[in-house]
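Notes follow the structure.
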Amino acid sequence: MDRTAPTFNFSTQPKLTNGLKYLGIFGVIYLVFIFVYSVFYWQFVSKISTDFIDHVLWWLKNTGVWYLFAPICLVYFSYYSGRQSLIKCFLTVGFPMVLSSVILQISFDYSYLKADLFGYFVLYLPKQIGIFMITCLYWYLFVMDDKNTAINVCDEPTTKSEYINLEHKGRPYKLDMESIWFIKSAGNYIEIESIHGQFLKRSSLKKIQLDAPSYFCQCHRSTLVNLKHICALNNQASGHAIATLSNGSEINISKRYKNSIKEQLIDYPIKAR
């Protein structure tokens, strides 16, 4: 099947765009602070003969690498947060970045730190972890958007199959996607609940989501729902929602996907009978 690779469109990510803009403004303010503080320290505090540039470089070698790492973090989190858990998302990008920043900081002063590299590694590590955690918190509070954190497969302008190929009673079987109520992940398999019965297929939910038509959306980390079969959506006190399907069954809509599901349902109104 021909399928266009998903792309990341900044025009559909207003919170990310603003987040990067404000991050850049903060970066400029931070640079100004470094220069002002360095001038003050160099002129009035320092008791030894040093160059002004040494004071500036001391700040930059501690935190300068985050001028590159922080924007990468924001884009990565916004792109992948809807495809994997936040913890996994943070660890995937955080571990190599924190490690790289500590190694870079040590390398700048290697000539006099080499006598106790491990000690200075332990000394510098908490500072870099702290900067990374501040970056994560900034994204979580001001950039993360449940509607736009990840590429919504429902919006991809790609050619989708209206059938899913199965094996039923030992023979190939083509199931109409519109007849499916929902699809759940079950280990290395997926469970398909449809008008024609229940089916089991060896596949991943992620692959099925990429191949499914636009009216299939993720409503939980382990469930895809057919928007055409949602008859009612009831909010719960905990923040999630319960969707009632055309067959009378109910499925959970997690808080993470609730707003996205509501927006998509506008295109699939309930028809008067």
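The values are calculated or read from the model by the stated rules, or taken from the named source; none is laboratory data. Fair warning: this is a prediction, and the values are worked out from it, not measured in the lab. A quick note on method: Cβ atoms are made from the backbone with ideal geometry, for glycine too, and the neighbour counts reach across all protein chains shown. In case anyone asks, the SASA skips ligands and DNA or RNA and just uses the protein heavy atoms, side chains included. Shrake-Rupley method; radii C 1.70, N 1.55, O 1.52, S 1.80 Å.
Name the single residue, out of those in region 192-218 being in a strand (DSSP E or B) and of a type in the set (A, V, I, L, M), that is nearest to residue 178 (Cα to Cα). Before the answer, list the steps.
Filtering region 192-218 for residues in a strand (DSSP E or B) gives 192-194, 197-202, 216-218.
Going one step further and asking which of them are of a type in the set (A, V, I, L, M), we end up with 192, 200.
Numbers: 192: 12, 200: 17 Å.
Looking at the filtered set, the residue picked out is 192.
Under 7 Å between Cβ atoms, which residue pairs at least 6 apart in sequence (or on different chains) link something in region 198-217 that is more than 17 Å from residue 265 (Cα to Cα) and at pLDDT 85 or above with a partner that is part of a strand (DSSP E or B) and small (Gly, Ala, Ser)?
205/185
Looking at region 228-242, which of its residues are open to solvent by 20 Å² or more (accessible area, probe 1.4 Å) and part of a strand (DSSP E or B)?
Step one: of region 228-242, the residues open to solvent by 20 Å² or more (accessible area, probe 1.4 Å) are 228-229, 231-238, 240, 242.
Within region 228-242, 231, 232, 233, 234, 235, 242 qualify.
Residue by residue, here is whether (1) open to solvent by 30 Å² or more (accessible area, probe 1.4 Å); (2) touching a helix residue (DSSP H, G or I) at 6+ places or on another chain (Cβ under 9 Å); (3) of a type outside the set (S, T, N, Q) holds:
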position	(1), (2), (3)
168	yes, no, yes
190	no, yes, yes
195	yes, yes, yes
214	yes, yes, no
217	no, yes, yes
226	no, yes, no
261	no, yes, yes
270	yes, no, yes
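Could you check region 195-220 and list, in sequence order, the residues that are of a type outside the set (Phe, Trp, Tyr) and under 18 Å from residue 262 (Cβ atoms)?
Listed by number, the residues that qualify are 214, 217, 218, 219, 220.
Identify, by number, the condition in (1) under 27 Å from residue 88 (Cβ atoms); (2) at pLDDT below 90; (3) not small (Gly, Ala, Ser) that residue 190 doesn't meet.
Here residue 190 clears every test but (2).
If only one of 245, 205 is surrounded by 15 or more Cβ atoms within 10 Å (Cβ to Cβ) and in contact with a Phe, Trp or Tyr (Cβ under 9 Å, 6 or more places away or on another chain), which one is it?
It is 245.
For residues that are in a strand (DSSP E or B) and touching a residue at least 24 places away in the same chain (Cβ under 8 Å), scanning just region 174-185, find the one that is farthest from the chain's Cα centre (by Cα).
175
Can you tell me which condition residue 250 does not meet? The list is (1) open to solvent by 80 Å² or more (accessible area, probe 1.4 Å); (2) touching a residue at least 12 places away in the same chain (Cβ under 8 Å), and all the others hold.
Answer for residue 250: the failing condition is (2).
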